[in-house]
2 protein chains.
Amino acid sequence: MQISERLLALRNKMDALGVEACIIPSGDPHLSEYPSEHWKIREWFSGFTGSAGTLVVTTEEAGLWTDSRYFLQAEDELDAQCIQLFREGDPGVPDYTQWLGEVLMPGSKVAVNGETVSVSLLRRISRELRTAQVSVDASHAAAEEVYDGRPPIPENDVFLHEEKWCGASRSEKLEQVHQIMRKNGASHYISAALDEIAWVLNLRGNDVPYNPVFHAFMIVETSQVKLFINPHKLTAQIARKLEADNIKVSLYEDIYKHIRHIPEDATVLLDPDRTNSAIFAALSPKVTKKEQLSPLTRLKAQKSDTEVQHLRETLLNDGVAMVHFLKWLEDHVGKEKITELSAAQKLKSFRAAQPGFVGESFGTISGYGGHGAIVHYSVNEESDVELKPEGLYLIDSGGQYHGGTTDITRTVPLGKFPEQARTDYTLVLKGHIALACAVFPKGTRGVHLDILARKALWEHGLNYGHGTGHGIGYFLNVHEGPQSIRPQDNGIEMEPGMISSNEPGVYRRDQYGIRIENLILSRVKQESEFGTFMDFETLTLCPIDSRLVDAGLLTPDEKAWFNNYHQRVYEQLAPRLDQDHQQWLKEKTKAI
Amino acid sequence: MQISERLLALRNKMDALGVEACIIPSGDPHLSEYPSEHWKIREWFSGFTGSAGTLVVTTEEAGLWTDSRYFLQAEDELDAQCIQLFREGDPGVPDYTQWLGEVLMPGSKVAVNGETVSVSLLRRISRELRTAQVSVDASHAAAEEVYDGRPPIPENDVFLHEEKWCGASRSEKLEQVHQIMRKNGASHYISAALDEIAWVLNLRGNDVPYNPVFHAFMIVETSQVKLFINPHKLTAQIARKLEADNIKVSLYEDIYKHIRHIPEDATVLLDPDRTNSAIFAALSPKVTKKEQLSPLTRLKAQKSDTEVQHLRETLLNDGVAMVHFLKWLEDHVGKEKITELSAAQKLKSFRAAQPGFVGESFGTISGYGGHGAIVHYSVNEESDVELKPEGLYLIDSGGQYHGGTTDITRTVPLGKFPEQARTDYTLVLKGHIALACAVFPKGTRGVHLDILARKALWEHGLNYGHGTGHGIGYFLNVHEGPQSIRPQDNGIEMEPGMISSNEPGVYRRDQYGIRIENLILSRVKQESEFGTFMDFETLTLCPIDSRLVDAGLLTPDEKAWFNNYHQRVYEQLAPRLDQDHQQWLKEKTKAI
């Protein structure tokens, strides 16, 4: 079926339902950033494969809204005859609710599958459309019903994340949840987020590529926990362990039935941003709702000492893999055929040789030349190009290990490069260093810190269209909340134990992309009469290519950071390397 | 009447009305930051004279909530027997709605005068109390009725702000308002903000100390403008001019009657943050409301070229007054008796000698030694101390001129000072310079820029408990919105033509306060493929005391900024000074 035929089928369905438009977001019932194939509804109807985007279809028109990370990709993938691209954030570009308000007549109805939008998002959509006298019906799964050949819900096995890696038993973690529930006077706590459920139960799965999660819902009650999951996914051993911890297993599809049966005198704690609106709709209106940031989101984000300790070891191993890769690339580029795809494959093989490696943490972004300028470039057979011994190459990749999740970006020259790239790279590096060195009082949020990574670029009229830092899971999703270092304020304060990425960049369309990414740990630095002050420890260990650095643009402090970092990289990685690689690393980490 | 008697009278009134608590905010029906004496209700009942604070009285208890600028002052002024101080922002301190939710029984009623709270604030209070099953009744003026000997509404004359100063006629300004109304399909626009009304009508008044505004409301309709004002305030000349511009004058107290008569098919544009909730309540529920940032707030904030040009001239004059003051202080301290009060008086006399001077723009903060650490220190006969030839002196002051409003802070040593003060001062200066030099893309908000002024302090475990920058009116209120450079995000982007203060500081309780404040103008710097970039021009011209600077802590760029600024100060002020003062200024602006 062509995109046009799929849209036609949807429009017929809309006609039958008596709605004038349909909103198809990227979400699944767990509001996952990366849904399983079963839930890639927006992708099937639009052809756009990026991770973020919303398709809106009216009887006459269709539009796809996505952010600047995906502008180039969406231009490539969308059939402009069928679907118009709306570049979110560009001047004059309306939100899809504004647009719907303009193209629809007052009195129109818009359908959206309530399972695929959060409580907050549905509220916002409804509120914004109300001013145009357009109503929203979240009770239909119009698009899902039309989807021909839709893949099934994955039924892969769940496995244990052993306690030696976790640092706390599931009982201990659940007790922390119960404490928060008691503090809030809550009798029930609903979690629909797959990474939260995996983390608290010390279980992992294989239902979604790169994210070691499994499809489930969870209701924590005062005296027991209900886990909604296809029971075939559980081994006998895991089933026994869950039972021992007073965790009762019910069928995955029974979640809504159970929600409907929550008694009217219950007090239910839920996160309106992480709970789909169909769950909320299933709750009795009389139930008292306590809406707040999900307790598990917060507990999971503040890594324990054990988790941090394992992650340090993991990052040593990941650094060794990166050193092997970077040396191999330098030695072989121009001498044998290396492509974006084969390079990514090679890096994966170096990671696979490391202890504890389970898989990649996301699809490697392996971008040569102009491809590096596509922020979330996803290389495939058609786009794949050969790396030549000239210009810049950007590689953003990471691994899932039992002892943590990694995410690192390096940009390297493969030969000659334009002088402008040296300035650009140095300005990105200055931003990276400024964030790495940040000192800030407790209470500081990501929105405050973001400018540190951009200031040097801004002074030269440069910028980048993505956030500076995201949270990262522990052998879990490579993107996790609640903290976020970006110009948008999400109200979340940086807390000790949070691990975030530090990844400023700059992108010259059709020329090259530059990004330097390390993981940073928030920690307490000092107490003074002015309060508690925090800073970051850079955890990632891998050389940052100094051939691209214009040392004249660095301040003495920046130079000192750069040289100290490289000294640390050498000292910590060298004992794990053979002589050849030690020699190479010595050269790469030489002081500038 | 003692505070305890006043509270008793209020509690009797609450009893008669059947309410369990009363909220008394600082606001007047125009939501002015500095209300006239008639509206200082919270002050009369609490004794606390700071500009920001909310008194909450229950049958048993009373609490005053204020922010860190006023902690020391509130401790001094409150009778702790009667009223508990709640330090907003301190860990564990509840909001007053949280507190009310805890101390009141479910089913209780809270009274607040709807005229003294904004639409947004009443909504928030109601929403937050609803979770505790406490309702809010905004239809009573309980506190106002109990207020014995309440001063009348001021009846001072209004005067013209001549067009040569304004740069645009009232018709031109009103046409801009009508354009915005047409774009929003609005038939009515309600403005209750005194500075907006003064600005758009090119009128000024004397109803509030320091703020040249007058009591009025305004309704802009499609074909006419209604001004609600006591007609005795208008001279015959002004009345004729208003009539010629199709502005119809009605009685001040008739505003609510007119609001009630707005037809049901009207579309009313109003700003929920700048409109009191009694106005909103008087509107028919059937009227369509367009809630947004008040168009006049935005128009007024983006100064015209004419306004900026006059302000430049005004700041030259203000700089001359400051030079006279600083030299006089240096020459006379320790040789004759100078107190905080007499110094402030002296500065006023230097300003009064300048062309276009009308009055002070706020009560001068003249703080010697430990008094400098009280951020909004208000000197009076009792607190007044003599300045001795040692330690630090902070003076924060400004003037109202026909050609603009000024606001400047300088901190100077009067003799020997602790070495710690030099480091503190230099760190404050580094923050001041960082903000002055900021380059940022269009779309940047104050919340993003705030950290620039704090970074150097944070690195040394220091901080300050107030915002970094506020907007400033044009011969109007010294504090005006919508922009604000502070850690709280108000969603407002920096726009070309906005003028803000740049005033980082550091405060050592009982020792000294340091603040360095200039006014900065937002302007477009460059266009690049990455968008439009903006920067600031520092407008204020007055030496920044270099005796307190540790040049070793400054980077070469910071030193260059400091020396360039001083060169500009000298070049621009010297032609307006006699030889003695030129000589002094030459010395004060010597390169470091």
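So, in the stretch A:377-402, of the ones that are of a type in the set (Asp, Glu) and touching a strand residue (DSSP E or B) at 6+ places or on another chain (Cβ under 7 Å), which residue ends up nearest to A:Val478 (Cα to Cα)?
A:Asp396
Looking only at the stretch B:460-493, count every residue that is within 13 Å of another protein chain (Cβ to nearest Cβ) and aromatic (Phe, Trp, Tyr) and tell me the total.
So the answer is 1.
Please count how many residues of the stretch B:305-319 are out of contact with any strand residue (DSSP E or B) (no Cβ under 6 Å at 6 or more places or on another chain) and farther than 17 Å from B:Thr411 by Cα.
10
Can you find, within the stretch A:494-532, the residue that is farthest from the chain's Cα centre (by Cα) among those that are of a type in the set (Val, Ile, Thr) and within 14 Å of chain B (Cβ to nearest Cβ)?
By that ranking, first place goes to A:Thr532.
Just to confirm my filter: which helices (runs of 4 or more DSSP H) fall fully inside the stretch B:117-173 and include at least 2 residues that are open to solvent by 90 Å² or more (accessible area, probe 1.4 Å) and not hydroxyl-bearing (Ser, Thr, Tyr)?
Answer list for the stretch B:117-173: B:119-130, B:163-166.
State whether the residues of the stretch B:541-564 include one that is surrounded by 15 or more Cβ atoms within 10 Å (Cβ to Cβ), under 24 Å from B:Ser304 (Cβ atoms) and more than 14 Å from chain A (Cβ to nearest Cβ).
yes
Determine whether A:Ile544 is within 28 Å of B:Tyr464 (Cβ to Cβ), β-branched (Val, Ile, Thr) and out of contact with any Pro (no Cβ under 9 Å at 6 or more places or on another chain).
no
Can you say whether A:Ser191 is of a type outside the set (Val, Ile, Thr) and open to solvent by 10 Å² or more (accessible area, probe 1.4 Å), as far as the supplied structure shows?
no
Of the residues A:Leu427, A:Leu457, A:Leu449, only one is out of contact with any Pro (no Cβ under 9 Å at 6 or more places or on another chain), within 13 Å of another protein chain (Cβ to nearest Cβ) and buried (at least 22 other Cβ atoms within 10 Å of the Cβ); which?
Selected residue: A:Leu449, the only one of A:Leu427, A:Leu457, A:Leu449 that is out of contact with any Pro (no Cβ under 9 Å at 6 or more places or on another chain), within 13 Å of another protein chain (Cβ to nearest Cβ) and buried (at least 22 other Cβ atoms within 10 Å of the Cβ).
Give the stretch B:538-570 a look and list any residue that's of a type in the set (D, E, K, R) and more than 31 Å from the chain's Cα centre (by Cα), or say none.
Hits for the stretch B:538-570 are B:Asp550, B:Asp557, B:Lys559.
Among the candidates B:Ala186, B:Ala193, single out the residue that is touching a strand residue (DSSP E or B) at 6+ places or on another chain (Cβ under 8 Å), among the hydrophobic types (A, V, I, L, M, F, W, C) and under 21 Å from B:Ile262 (Cα atoms).
Residue meeting the stated conditions: B:Ala186.
Residue-by-condition table, conditions (1) surrounded by fewer than 22 Cβ atoms within 10 Å (Cβ to Cβ); (2) without any contact (Cβ under 8 Å) to a residue 60 or more places away in the chain; (3) assigned to a strand (DSSP E or B):
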site	(1), (2), (3)
A:Gln354	yes, yes, no
A:Gly363	yes, no, no
A:His376	yes, no, no
A:Asp384	yes, yes, no
A:Gln400	no, no, yes
A:Ile433	no, no, no
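Can you tell me which residues in the stretch B:437-446 are more than 7 Å from every other protein chain (Cβ to nearest Cβ), within 23 Å of B:Ala560 (Cα to Cα) and open to solvent by less than 10 Å² (accessible area, probe 1.4 Å)?
The one that is more than 7 Å from every other protein chain (Cβ to nearest Cβ), within 23 Å of B:Ala560 (Cα to Cα) and open to solvent by less than 10 Å² (accessible area, probe 1.4 Å): B:Ala438.
Could you tell me which numbered condition A:Phe217 fails, if it satisfies all but one of (1) over 26 Å from the mean Cα position of the chain (by Cα); (2) within 12 Å of A:Tyr189 (Cα to Cα)?
Result: A:Phe217 fails condition (1) only.
Being within 20 Å of A:Arg170 (Cβ to Cβ), open to solvent by less than 20 Å² (accessible area, probe 1.4 Å), of a type outside the set (Val, Ile, Thr) and in contact with a strand residue (DSSP E or B) (Cβ under 7 Å, 6 or more places away or on another chain) is the filter here; which residues of the stretch A:225-270 pass it?
Scanning the stretch A:225-270 gives A:Leu227, A:Phe228, A:Leu242, A:Ser250, A:Leu269.
Suppose we filter A:Ser528, A:Ser546 for residues that are on the phi < 0 side of the Ramachandran plot and modelled with pLDDT under 95; which single one remains?
A:Ser528
Identify all residues within the stretch B:315-352 that are open to solvent by 10 Å² or more (accessible area, probe 1.4 Å), in contact (Cβ under 8 Å) with a residue 40 or more places away in the chain and part of a loop (DSSP other than H, G, I, E, B); write none if there are none.
B:Gly334, B:Lys337
For the stretch A:278-314, enumerate the residues that are more than 30 Å from A:Gly356 (Cβ to Cβ), assigned to a helix (DSSP H, G or I) and open to solvent by less than 10 Å² (accessible area, probe 1.4 Å).
Residue satisfying the conditions is A:Ile279 alone.
Run B:Arg274 past the list (1) under 20 Å from the mean Cα position of the chain (by Cα); (2) open to solvent by less than 10 Å² (accessible area, probe 1.4 Å) and report the number of the one that doesn't hold.
It is condition (2) that B:Arg274 fails.
The values are calculated or read from the model by the stated rules, or taken from the named source; none is laboratory data. All values derive from a computational prediction rather than experimental measurement. Methodologically, a virtual Cβ is constructed for each residue, glycine included, from the backbone with ideal geometry; neighbour enumeration extends over all protein chains shown. Quick note on the areas: whole protein, heavy atoms, side chains included, nothing else; ligands and nucleic acids left out. Shrake-Rupley method; radii C 1.70, N 1.55, O 1.52, S 1.80 Å.
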